[in-house]
Amino acid sequence: MKTHTFKGGIHPPEMKELSKDCEIVAAFPSTKTVSIPVTMGGAPNQPVVQVGDVVARGQVIARSDAFMSAPVHASIAGTVKKVESRLVTPNVDAPCIVIQADDSDRTEFMPVLDPFTCSHDEAIKRVKEAGIVGMGGASFPTHVKLNPPAGKVIDCVLCNAAECEPYLTIDYRTMKEHADKLVDGLNITVHITGAQTGIIVLEDNKADLVPVLAEAISKANLDEKLSICLCKTKYPQGGEKNLVQAAVGREIPAGGLPADIGCVIDNVGTLCAISDAFREGKPLIDRPFTVSGHAVEKPMNLVVPVGTLVGDLIPEVIQLKENVVKIISGGPMMGFSMMSANFPVAKNTSGVLFMDKKEAPIYEETPCISCGRCLKACPSHLTPVMMARSLKEGNIEEAKKYGLMDCVECGSCAYVCPAKVKLVQRFRAGKNIVRAEMAAAKAKADAAKAKEAK
């Protein structure tokens, strides 16, 4: 099978051998308690339960009337004990609903719905009511993706199965163990969007899955609609812009979305959740993820109720060595370093890494030597060195001209930088300044309009 790729990128050590052969195992917090973030993608939600309420697994506990939102459901049956701010990824405090399990099996799922006979509006509503968001990391509400603005015609749905981040293997295991469900979710998504085809995009370090997925496609009689595309193993192959360029030869315009070029891209976990939402009426209440790193006694792939504190899996499920120096929520390239393990597994938690000193060395930053390696590595074809210089000089407008707002924060530039300049941190800070300025300008404009209206 021919392999495809994109220009730029890097080849960090994969480290997938630590957990790729570990089957997905169900686990439950030792405290029998979950702390479910009120908002996990889209517009902010508001709790619709109070302390003392008894809830069923699958019951809505927080929601918003905004279209760009995804409701949140109870992941266990039990009693609401608290509604308070707690530590969440990315190392900030956010409102959470704390539920204590009552050891019952009460559920409140939605009715089963045939995705191929229901109306388009019913299908979009089902995906929203199931609280499905992008499970690859971004947490973008999936129903919004599947319902693009008028004039945007979708002809291709891409399953992002690249899983290019080092260490992470949960998508690999999901495809290996639940290929039929993935194919079903992709077929449903192709139908909802009106696309002509669906493509499962893999890196060639997962080539052993090609016959597994091909068999699932044939079993469902979908050979003419669904296919598999093999890409070269390179980070960040899973980035949307890189994925569509490699798989279908299209380029997402600056500031644009995949829908602008006729594509919808969904993660492996997201497509499986779509299948569950229709076939079982099950909302997104369980999260599979990888536990890995050399500070873990036994790397593994787990599935737990959303809201499970990672710390509540230690040491009963996750056994750690004494040399933990860093905890990362997500992958090592784009994940977030956490101050402790007492944060909840959210809908977009793809992995939790426990690293030792050798895996997470502390480098001293030295002056940029203008070597240009960051330009060659950048998969978005930006000029990181000039963006960094502009930001250092406080020239935000110049940094924007060099592509600041198009940076996907993949970390490729920082990885190859011999001076160990903290490029991604600088770009994140610069983008936050731009967003703050935009918010202030909007508030000023809104105030002016309100004054004119009076």
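The values are calculated or read from the model by the stated rules, or taken from the named source; none is laboratory data. Values in this document were obtained by computation on a predicted structure and should not be read as measured data. Heads up, the Cβs are rebuilt from the backbone with ideal geometry, glycines too, and the neighbour counts pull from every protein chain shown. When the accessible area is computed, the model is the full protein with side chains, heavy atoms only, and any ligands, DNA or RNA have been set aside. Shrake-Rupley method; radii C 1.70, N 1.55, O 1.52, S 1.80 Å.
List pairs: first in the stretch 354-367 and under 18 Å from Leu423 (Cβ atoms), second of a type in the set (Val, Ile, Thr) and assigned to a loop (DSSP other than H, G, I, E, B), Cβ under 6 Å, 6+ apart or cross-chain?
Ala360/Val325; Glu365/Val421
Considering only the stretch 17-39, state which residues are open to solvent by less than 20 Å² (accessible area, probe 1.4 Å) and under 20 Å from Leu302 (Cα atoms).
Once the filter is applied, which keeps residues that are open to solvent by less than 20 Å² (accessible area, probe 1.4 Å) and under 20 Å from Leu302 (Cα atoms), the stretch 17-39 yields Ser19, Ala27, Pro29, Val34, Ser35, Ile36, Pro37.
Does Ser85 qualify as being among the small types (Gly, Ala, Ser), exposed (fewer than 15 other Cβ atoms within 10 Å of the Cβ) and under 20 Å from Val48 (Cβ atoms)?
Working: among the small types (Gly, Ala, Ser): yes; exposed (fewer than 15 other Cβ atoms within 10 Å of the Cβ): yes; under 20 Å from Val48 (Cβ atoms): yes.
It is true that Ser85 is among the small types (Gly, Ala, Ser), exposed (fewer than 15 other Cβ atoms within 10 Å of the Cβ) and under 20 Å from Val48 (Cβ atoms).
Across the stretch 370-401, what is the number of residues that are modelled with pLDDT under 95, hydroxyl-bearing (Ser, Thr, Tyr) and out of contact with any Gly (no Cβ under 8 Å at 6 or more places or on another chain)?
Qualifying residue count for the region: 1.
Determine which member of the set Leu168, Leu146 is open to solvent by less than 40 Å² (accessible area, probe 1.4 Å), touching a helix residue (DSSP H, G or I) at 6+ places or on another chain (Cβ under 9 Å) and within 30 Å of Val25 (Cβ to Cβ).
Leu168
Under 7 Å by Cβ, and 6 or more places apart or on different chains, what pairs join a residue from the stretch 246-259 that is under 16 Å from Val153 (Cβ atoms) and open to solvent by less than 60 Å² (accessible area, probe 1.4 Å) with one that is part of a loop (DSSP other than H, G, I, E, B) and of a type in the set (Val, Ile, Thr)?
Listed pairs, sorted by first residue: Pro258/Ile252; Ala259/Ile154.
Show me the helices (runs of 4 or more DSSP H) found entirely inside the stretch 124-236 where at least 1 residues are more than 25 Å from Ile252 (Cα to Cα), within 20 Å of the chain's Cα centre (by Cα) and modelled with pLDDT of 95 or more. Working first, answer last.
Details: elements: 142-145, 170-177, 179-193, 210-219.
The helices (runs of 4 or more DSSP H) meeting that bar are 170-177, 179-193.
Considering only residues that are within 21 Å of the chain's Cα centre (by Cα) and crowded, with 19+ Cβ neighbours inside 10 Å, look in the stretch 40-57 and name the one that is farthest from Leu309 (Cα to Cα). I'd like the intermediate steps shown before the answer.
Kept after step one, since they are within 21 Å of the chain's Cα centre (by Cα), are these residues of the stretch 40-57: 40-45.
Now restrict to residues that are crowded, with 19+ Cβ neighbours inside 10 Å: 40-42, 45.
Values: Met40: 15, Gly41: 19, Gly42: 22, Asn45: 21 Å.
Among residues in the stretch 40-57 that are within 21 Å of the chain's Cα centre (by Cα) and crowded, with 19+ Cβ neighbours inside 10 Å, the one farthest from Leu309 (Cα to Cα) is Gly42.
Tell me the helices (runs of 4 or more DSSP H) entirely within the stretch 359-415 that contain at least 2 residues that are over 16 Å from Lys7 (Cα atoms).
Of the helices (runs of 4 or more DSSP H) lying wholly inside the stretch 359-415, those with at least 2 residues that are over 16 Å from Lys7 (Cα atoms) span 384-392, 396-401.
Take the residues in the stretch 60-82 that are basic (Lys, Arg) and touching a residue at least 24 places away in the same chain (Cβ under 8 Å), then tell me which one is most open to solvent (accessible area, probe 1.4 Å).
Lys81
When residues of the stretch 326-360 are filtered for being of a type in the set (Ser, Thr, Tyr), touching a Leu at 6+ places or on another chain (Cβ under 8 Å) and farther than 15 Å from Ser139 by Cα, how many remain?
The total comes to 1.
Mind listing whichever residues of the stretch 397-427 are farther than 24 Å from His11 by Cβ and either among the hydrophobic types (A, V, I, L, M, F, W, C) or under 21 Å from the mean Cα position of the chain (by Cα) (or both)?
Ala399, Leu404, Met405
From Pro315, Pro344, Pro367, which residue is touching a Gly at 6+ places or on another chain (Cβ under 8 Å) and either of a type in the set (D, E, K, R) or farther than 23 Å from Ala162 by Cβ (or both)?
Answer to the check: Pro344.
Within the stretch 272-288, does at least one residue satisfy the condition of being out of contact with any His (no Cβ under 8 Å at 6 or more places or on another chain), open to solvent by 10 Å² or more (accessible area, probe 1.4 Å) and within 28 Å of Lys357 (Cα to Cα)?
Scanning the stretch 272-288 turns up at least one residue that is out of contact with any His (no Cβ under 8 Å at 6 or more places or on another chain), open to solvent by 10 Å² or more (accessible area, probe 1.4 Å) and within 28 Å of Lys357 (Cα to Cα).
What's the number of the only condition in (1) of a type outside the set (Gly, Ala, Ser); (2) open to solvent by 70 Å² or more (accessible area, probe 1.4 Å); (3) modelled with pLDDT of 95 or more that Leu423 fails to meet?
Evaluating Leu423 over (1) of a type outside the set (Gly, Ala, Ser); (2) open to solvent by 70 Å² or more (accessible area, probe 1.4 Å); (3) modelled with pLDDT of 95 or more leaves (2) as the failure.
Let's see how each residue does on (1) closer than 21 Å to Glu297 by Cβ; (2) open to solvent by 40 Å² or more (accessible area, probe 1.4 Å); (3) free of Cβ contacts under 8 Å to residues at least 24 places away in the same chain:
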residue: Thr308; (1), (2), (3): yes, no, no
residue: Glu316; (1), (2), (3): yes, yes, no
residue: Phe336; (1), (2), (3): no, yes, no
residue: Ala346; (1), (2), (3): no, no, no
residue: Thr349; (1), (2), (3): yes, no, no
residue: Ser370; (1), (2), (3): no, yes, yes
residue: Arg373; (1), (2), (3): no, yes, no
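Could you figure out which of (1) open to solvent by 60 Å² or more (accessible area, probe 1.4 Å); (2) under 19 Å from Gly8 (Cβ atoms); (3) over 29 Å from the mean Cα position of the chain (by Cα) isn't true of Glu365?
So the condition that Glu365 fails would be (2).
Only one of these conditions is not met by Gly256: (1) touching a Pro at 6+ places or on another chain (Cβ under 9 Å); (2) not in a strand (DSSP E or B). Which number is it?
Here Gly256 meets the rest and fails (1).
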